[in-house]
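Undergrad: Can you read through this structure? Questions will come right after.
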Amino acid sequence: MSNEVIVMKNISKQFKVLNRHEGLKGSIQDLFSRDYKIIKAVDDVSLTVNKGEIIGYLGPNGAGKSTTIKIMTGVLEPSAGEIFVDGRMPYKDRTANSENIGVVFGQRSQLWWNLPLIESFNLLRNIYLVPEKDYRNMLELYRSLVDLEPILHKPVRQMSLGQRTLSDILAAFLHNPGIVFLDEPTIGLDVSMKARIRELIRGLNEVKGTTVILTTHDMGDVDALCKRIIIIDKGRKIYDNDIEHLKSYFGSYRTLRMRLGDDSWVEQVIDEKKTDVMHVMQEMQKEHKIKDIQLQEISTEEVIRKIYEGGESA
Amino acid sequence: MTGLKKKTALTRAGIIESLQFRLSTAVMLFANLIYLALVYFLWKAIYDSSGVDVVNGMTFYDTMIYLILATAIFNLLEMFIVWDMSRAIQSGEIIMHLLKPMRYRLYTFWSYSGAHVNNFFLSFVPTFIVVVVITKGAIPIGINLLYFMVSLLLALIVNFNIEMLVAPVCLYTQSTWGINIVKETVVLLLSGASIPLAFFPEGLRQAVEYLPFRAVYDIPLTVLLAKNGTDSLSGLLPKLGIQLFWCVLLSVCGNLFWNHAVKKITVNGG
Ligand SMILES: Nc1ncnc2c1ncn2[C@@H]1O[C@H](COP(=O)(O)OP(=O)(O)OP(=O)(O)O)[C@@H](O)[C@H]1O
Ligand SMILES: [Mg+2]
C-alpha cells in the first residue's frame, strides 16, 4: 500500500464552455447566451502509480494529459472520482501537496525572470525548507550530470529556451520531491539537449528514487526513460502496461527488409498475428532472388502513431 | 520559526529583483517632481484666491508638506497586484504560483515585500530627509517616527488587502484596466492622498471616517506629523486600532473572496 504514491479512481473532469457564435452579431448573442457545451477532458480514468516508476503518459493532442496532471498536482478539482497523492487529496490540500511534488509545465516557468538562476534556486531552497546540506548535495549531483556553470549566474530572461527548460527541470527536482510531473519537458530542444535532459531525469530517478510522470510527444523520450506507459485518448484510458507489451498488444509488427538480385531493398511491415516472416520470404523467393535480409522491430513511434490514428488495435 | 524563513527569502529575492530596475527609481523621482510642481501651483492658486493664510486649519505650508509626504507614501505602497494577477491568469502562469508550498495570499504579500523595502530606503527616506531639511523644524523628530513606522506597516497591510480584494474581480470580468482605474481613483481620493481630508465637505469627511482608505494615507501621515495628539499613546492607540481593525476585516473578506474566486481556476480551468 505504501508503495502506491498516486491512486486515481474513476476520475473525470468536465469543462463547461460557452458555445461561441461567429461574427459581431454572434459575439453580442454570446453575451446573453446560456448555451453551454460540456467537454469531457478526462473520462473515468483509474490508475495507480508506484514509487520510483517513470511513467510515460501519452495520448494525441487534446487527449486530456495536461488536465490529468493538473488534477494530480491539485490545481484542478476533478468533477468526479477519488484521487490520492501520497495519501492526500491534492485539490483539498494543495499547499501541503506542493511540498512533496515538483512540476514542469512545458512552456511555463516557475523561475524568477529577473533573478540569476542561482538566486532562484536559493529562494526555492528556502521556501521548500531544504536543509543546507541536502541543497549542497543536490547541486553537486546536478554538476555531475550537467554543465551548470554557463547558466547558473544568468538571469532566466536571458536564457535560451533549452537552457530555461533545463533550469526548470533542475528547479523541479531541487527540494527532492517524491513525485515530479513533467508535462512536455523536451519541447523545442535540440537533440543533444534532449539527450542530456533524458540522462538527467534518469539519473535523478535512479539516485533519488523520484517517481516521474512524463507526458511527451517525442517517442525518443519514452524509449529512453519509460518502462511503463499509459495512453489516453479522448479522455479515456486505452492502455496501461509495459512498453514491451505495447508492441505485441497492438499487433506484433516487424519490418522485413530484403535485398534482391538487383541490389535494391524492399520493405514490408508484417503483423505476425496474421502472417509470419518465413511465409513472406517464401512468397518473395518464388519470384526474386534474395541476397540479404534484415528484420527490424517496429519503433514505438510507429506503434503509437497507429494507435492515435485509431489503427488496428487488438 | 520555519515560516519566517520562507518569508524573508521572498523579501530578499524581491530586493535583489527590484534593485535591477535602477532606472525605474530615477523615472519615479522625475515623475514625482512634475506631479509635485503641479500640486504646488494648484494649491498656491487655491490659497491665493481664498485670501486667508489658514484654510481648514492648514496653512499652504502644511498642505504642501502633507502632499509631498503623501506622494512619498504612494510610491512606497504602490503595488501592481491587479495587473500582475490578471496577466498571470490570462497566461496561465498563475498555476505556477498556486503550486508554491505557501498559501497564495501570503506568497503574494511576501513576494512584493522586497520592493517595499527598496522603495522605503531609496525613495521614501531620501524624500523625507529633504523635506525635513527644507522645512527646518516643521516636522517633529521624535517618538512620532517610531509610531509612524508601526502605522506605515499597518497601512501597507491595509493597502495590500484592498488590492487583493479588487484583483480577483478580473476572474469575473475581462476589464482589468477599468477595474484598476476605479480602484486607483477611489483609493487616492478617499484616502486623503490627493486632497487632505480636512478639505473635504463635512458630510463626505464623516463618511470617509468609516471607510478603510483613510487607514492607508491619512492616519500614517497624521501620526508622522504628530497631529491630533498622536504623539501620545492615548491619541495614537485609537488610530492604530482603526488600522488594525481594517487589516483584520479586509483580510478576512479578502480571504473569503479569494477562496471563492480561485475556484474559477481550479474548477473551470481559468
Ligand atoms: N480550461 C479549459 N476550459 C475548457 N476546455 C479545456 C480547458 N482545458 C482543457 N480543455 C479541453 O480539454 C481537452 C483536454 O485538454 P488537455 O490540455 O488535457 O490535452 P493534452 O492531452 O494535454 O493535449 P496536448 O498534447 O495538446 O497538450 C481539450 O479538448 C481541451 O480543449
Ligand atoms: Mg498538454
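Undergrad: Output the residues belonging to segment A:123-133 that are within 8 Å of chain B (Cβ to nearest Cβ), surrounded by fewer than 20 Cβ atoms within 10 Å (Cβ to Cβ) and within 14 Å of A:Asn100 (Cα to Cα).
TA: Selection gives A:Leu129 alone.
Undergrad: Quick one: count up the residues across segment A:80-122 that are assigned to a loop (DSSP other than H, G, I, E, B) and either within 10 Å of chain B (Cβ to nearest Cβ) or over 20 Å from A:Met159 (Cα atoms) (or both). Walk me through it before giving the result.
TA: Residues of segment A:80-122 that are assigned to a loop (DSSP other than H, G, I, E, B), as a first pass: A:86-87, A:89-93, A:100, A:106-115.
Pick out the ones that are also either within 10 Å of chain B (Cβ to nearest Cβ) or over 20 Å from A:Met159 (Cα atoms) (or both) and you get A:86-87, A:89-93, A:100, A:107-115.
Residues flagged as assigned to a loop (DSSP other than H, G, I, E, B) and either within 10 Å of chain B (Cβ to nearest Cβ) or over 20 Å from A:Met159 (Cα atoms) (or both) within segment A:80-122 amount to 17.
Rundown of residues vs (1) open to solvent by 60 Å² or more (accessible area, probe 1.4 Å); (2) touching a Phe, Trp or Tyr at 6+ places or on another chain (Cβ under 6 Å); (3) part of a helix (DSSP H, G or I), yes/no style:
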{"residue": "B:Gly229", "(1), (2), (3)": "no, no, no"}
{"residue": "B:Gly235", "(1), (2), (3)": "no, no, yes"}
{"residue": "B:Pro238", "(1), (2), (3)": "yes, no, yes"}
{"residue": "B:Ile242", "(1), (2), (3)": "no, no, yes"}
{"residue": "B:Ser251", "(1), (2), (3)": "no, no, yes"}
{"residue": "B:Phe257", "(1), (2), (3)": "no, no, yes"}
{"residue": "B:His260", "(1), (2), (3)": "yes, no, yes"}
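Undergrad: In segment A:9-39, what residues are at pLDDT 95 or above and either within 16 Å of ligand 2 (Cβ to nearest atom) or among the aliphatic types (A, V, I, L, M) (or both)?
TA: Once the filter is applied, which keeps residues that are at pLDDT 95 or above and either within 16 Å of ligand 2 (Cβ to nearest atom) or among the aliphatic types (A, V, I, L, M) (or both), segment A:9-39 yields A:Ile11, A:Lys13.
Residue-wise test of (1) open to solvent by less than 10 Å² (accessible area, probe 1.4 Å); (2) farther than 16 Å from A:Gly59 by Cα; (3) not in a helix (DSSP H, G or I).
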site: A:His175; (1), (2), (3): no, yes, yes
site: A:Leu189; (1), (2), (3): no, yes, yes
site: A:Ala195; (1), (2), (3): no, yes, no
site: A:Glu199; (1), (2), (3): no, yes, no
site: A:Glu206; (1), (2), (3): no, yes, no
site: A:Asp223; (1), (2), (3): no, no, no
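Undergrad: Then there's this: Criterion first (away from ligand 2 (no atom under 16 Å from the Cβ) and either assigned to a loop (DSSP other than H, G, I, E, B) or of a type in the set (Lys, Arg) (or both)) does A:Lys70 satisfy it?
TA: Details: away from ligand 2 (no atom under 16 Å from the Cβ): no; either assigned to a loop (DSSP other than H, G, I, E, B) or of a type in the set (Lys, Arg) (or both): yes.
For A:Lys70, the condition - away from ligand 2 (no atom under 16 Å from the Cβ) and either assigned to a loop (DSSP other than H, G, I, E, B) or of a type in the set (Lys, Arg) (or both) - is not met.
Undergrad: Continuing with this model, one more query. Run down A:Gly64, A:Gly81, A:Gly56 and say which single residue is at positive phi, surrounded by 14 or more Cβ atoms within 10 Å (Cβ to Cβ) and in contact with a Ser or Thr (Cβ under 8 Å, 6 or more places away or on another chain). Walk me through how you get there before you give the answer.
TA: Values: A:Gly64 fails: in contact with a Ser or Thr (Cβ under 8 Å, 6 or more places away or on another chain); A:Gly56 fails: at positive phi.
The unique qualifying residue is A:Gly81.
Undergrad: To continue, here is another question. For a quick check of your reading of the model, give me the residue pairs whose first member lies in segment A:149-175 and is under 15 Å from A:Met138 (Cα atoms) and in contact (Cβ under 8 Å) with a residue 24 or more places away in the chain, whose second is of a type in the set (Val, Ile, Thr) and open to solvent by 60 Å² or more (accessible area, probe 1.4 Å), with beta-carbon atoms closer than 6 Å and at least 6 apart or on different chains.
TA: Filtered contacts from segment A:149-175: no entries.
Undergrad: Let me ask something else. Quickly run through segment B:221-245 and pick out the residues that are on the phi > 0 side of the Ramachandran plot and over 20 Å from the mean Cα position of the chain (by Cα).
TA: Pass one, segment B:221-245, residues on the phi > 0 side of the Ramachandran plot: B:226, B:228-229.
Listed by number, the residues that qualify are B:Asn228, B:Gly229.
Undergrad: Let me ask another. What number of residues in segment A:57-79 are more than 8 Å from chain B (Cβ to nearest Cβ) and not aliphatic (A, V, I, L, M)?
TA: Filtering segment A:57-79 for residues more than 8 Å from chain B (Cβ to nearest Cβ) gives A:57-66, A:68-69, A:71-72, A:78-79.
Among the residues that remain, those that are also not aliphatic (A, V, I, L, M) are: A:57, A:59-62, A:64-66, A:68, A:78-79.
Residues flagged as more than 8 Å from chain B (Cβ to nearest Cβ) and not aliphatic (A, V, I, L, M) within segment A:57-79 amount to 11.
Undergrad: As an exercise: evaluate A:Met281 against (1) crowded, with 18+ Cβ neighbours inside 10 Å; (2) of a type outside the set (Asp, Glu); (3) outside the structural domain of A:Glu140 (by TED's automatic domain parsing) and give the number of the one condition it does not meet.
TA: Just one mismatch for A:Met281, condition (1).
Undergrad: Next question, about the same structure. Return the pairs, sorted by first residue and then second, in which the second residue is of a type in the set (A, V, I, L, M, F, W, C) and part of a helix (DSSP H, G or I), the first residue lies in segment A:25-46 and is touching a residue at least 12 places away in the same chain (Cβ under 8 Å) and open to solvent by less than 70 Å² (accessible area, probe 1.4 Å), the beta carbons are less than 8 Å apart, and the residues are 6+ apart or on different chains.
TA: Close Cβ pairs (under 8 Å, with a partner that is of a type in the set (A, V, I, L, M, F, W, C) and part of a helix (DSSP H, G or I)) amount to A:Val42/A:Ile71.
Undergrad: Quick check on this structure: which one of B:Thr63, B:Thr8, B:Thr25 is at pLDDT 90 or above, touching a helix residue (DSSP H, G or I) at 6+ places or on another chain (Cβ under 6 Å), in a helix (DSSP H, G or I) and of a type outside the set (A, V, I, L, M, F, W, C)?
TA: Numbers: B:Thr8 fails: touching a helix residue (DSSP H, G or I) at 6+ places or on another chain (Cβ under 6 Å); B:Thr25 fails: at pLDDT 90 or above.
Answer to the selection: B:Thr63.
Undergrad: Pick from segment B:14-41 the residues that are farther than 17 Å from B:Pro126 by Cβ and away from chain A (no Cβ under 12 Å): which of them is most open to solvent (accessible area, probe 1.4 Å)?
TA: B:Phe41
Undergrad: Quick check on my filter: what residues within segment A:1-18 are more than 13 Å from every other protein chain (Cβ to nearest Cβ) and open to solvent by 50 Å² or more (accessible area, probe 1.4 Å)?
TA: Answer for segment A:1-18, where residues must be more than 13 Å from every other protein chain (Cβ to nearest Cβ) and open to solvent by 50 Å² or more (accessible area, probe 1.4 Å): A:Met1, A:Ser2, A:Asn3, A:Glu4, A:Lys9, A:Asn10.
Undergrad: Which of the following residues is touching a Cys at 6+ places or on another chain (Cβ under 7 Å) and not hydroxyl-bearing (Ser, Thr, Tyr): B:Met64, B:Met85? Steps first, please.
TA: On the way: B:Met64 fails: touching a Cys at 6+ places or on another chain (Cβ under 7 Å).
Only one candidate passes the filter, namely B:Met85.
Undergrad: Does A:Ile69 count as open to solvent by less than 10 Å² (accessible area, probe 1.4 Å), within 16 Å of ligand 1 (Cβ to nearest atom) and at pLDDT 95 or above?
TA: Working: open to solvent by less than 10 Å² (accessible area, probe 1.4 Å): yes; within 16 Å of ligand 1 (Cβ to nearest atom): yes; at pLDDT 95 or above: yes.
Spelling it out, A:Ile69 is indeed open to solvent by less than 10 Å² (accessible area, probe 1.4 Å), within 16 Å of ligand 1 (Cβ to nearest atom) and at pLDDT 95 or above.
Undergrad: Please determine whether any residue of segment B:103-119 is more than 14 Å from chain A (Cβ to nearest Cβ), under 14 Å from the mean Cα position of the chain (by Cα) and open to solvent by less than 30 Å² (accessible area, probe 1.4 Å).
TA: Step one: list which residues in segment B:103-119 are more than 14 Å from chain A (Cβ to nearest Cβ), which gives B:116-117, B:119.
With the extra rule that they be under 14 Å from the mean Cα position of the chain (by Cα), the set shrinks to B:116-117, B:119.
Subset that is open to solvent by less than 30 Å² (accessible area, probe 1.4 Å): B:116.
Checking segment B:103-119: at least one residue is more than 14 Å from chain A (Cβ to nearest Cβ), under 14 Å from the mean Cα position of the chain (by Cα) and open to solvent by less than 30 Å² (accessible area, probe 1.4 Å).
Undergrad: For segment B:214-227, which residues satisfy the criterion of being surrounded by fewer than 20 Cβ atoms within 10 Å (Cβ to Cβ) and assigned to a helix (DSSP H, G or I)? I'd like the intermediate steps shown before the answer.
TA: Looking only at segment B:214-227, we keep the residues that are surrounded by fewer than 20 Cβ atoms within 10 Å (Cβ to Cβ), and these are B:225, B:227.
Result: no residue meets the conditions.
The values are calculated or read from the model by the stated rules, or taken from the named source; none is laboratory data. This structure is a prediction, so every number in the text was calculated from the model and none was measured. When we count neighbours, we look across all protein chains shown, and the Cβ atoms used for this are built from the backbone with ideal geometry, even at glycine. Accessible surface is based on the protein model in full, side chains and every heavy atom, while ligands, DNA and RNA are left aside. Shrake-Rupley method; radii C 1.70, N 1.55, O 1.52, S 1.80 Å.
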